[in-house]
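Input: a single structure, listed below in structure tokens.
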Amino acid sequence: MQSRQMQSRRFDTADEKKILRGCALLLQDLGFNLTASESAVGLINAQKDRTAVETDQVVGKVLAAIFLETDVQIDARQKIQASIVTRPQGGKIIVRVTFQRIVYDDQGHVSRQEPLNEPGYYQEFFGRLSKSLFLTAHGI
């Protein structure tokens, strides 16, 4: 329930297409590539690739190679996915966004798959979406 509240916001408009358009543009501004969009059901999926290299893992890999003469897998890249679903409710639109990531090691294998539950991701997304919708509505 707490995650759903963090991931959802209600917007005071009945124009679902405008909301979806704003969401798609914001995702692109954040570096995502749209992978699926179906306005008839209020759905947008997007993803972006980012590095997942962390200094402490690299140091551990080097030390393991030197002292243990072994190769340790480390995180190399991650795919961040965003999914947005909109739903009309009483003349308003509910927007729910979720972020997940899939981390791949330096051999190309999935090392972990997890939801991103940091409130900051969601606060930033909805803050920027609100600002974008406001500016668009006022022709700015």
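Figures for the structure shown
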{"item": "Residue check for residue 132: among the small types (Gly, Ala, Ser), touching a Gly at 6+ places or on another chain (Cβ under 6 Å) and modelled with pLDDT under 95", "result": "yes"}
{"item": "Number of the condition not met by residue 74 [criteria: (1) modelled with pLDDT under 95; (2) surrounded by fewer than 17 Cβ atoms within 10 Å (Cβ to Cβ); (3) in contact with a helix residue (DSSP H, G or I) (Cβ under 9 Å, 6 or more places away or on another chain)]", "result": "(2)"}
{"item": "Boolean, residue 61 is at pLDDT 90 or above and of a type in the set (Lys, Arg)", "result": "no"}
{"item": "Filtered residues of segment 7-24 (kept if in a loop (DSSP other than H, G, I, E, B) and either surrounded by 14 or more Cβ atoms within 10 Å (Cβ to Cβ) or not hydrophobic (A, V, I, L, M, F, W, C) (or both))", "result": "12, 13, 15"}
{"item": "Residue list for segment 107-140, restricted to those being in contact with an Asp or Glu (Cβ under 8 Å, 6 or more places away or on another chain) and over 25 Å from residue 2 (Cα atoms)", "result": "111"}
{"item": "Those residues of segment 25-42 which are at positive phi and surrounded by fewer than 17 Cβ atoms within 10 Å (Cβ to Cβ), in sequence order", "result": "31"}
{"item": "Residues that are out of contact with any Pro (no Cβ under 6 Å at 6 or more places or on another chain), farther than 15 Å from residue 26 by Cβ, not in a loop (DSSP other than H, G, I, E, B) and not basic (Lys, Arg), drawn from segment 99-111", "result": "102, 103, 104, 105, 110, 111"}
{"item": "Considering residues of segment 1-58 that are at pLDDT 95 or above and hydroxyl-bearing (Ser, Thr, Tyr) only, the residue nearest to residue 133 (Cα to Cα)", "result": "8"}
{"item": "Which numbered condition residue 90 fails, given (1) over 21 Å from residue 27 (Cα atoms); (2) in contact (Cβ under 8 Å) with a residue 24 or more places away in the chain", "result": "(2)"}
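The values are calculated or read from the model by the stated rules, or taken from the named source; none is laboratory data. Keep in mind that what you see is a predicted model, and the values were worked out from it rather than measured. Neighbour counts run over all protein chains shown; Cβ positions are idealised from the backbone, glycine included.
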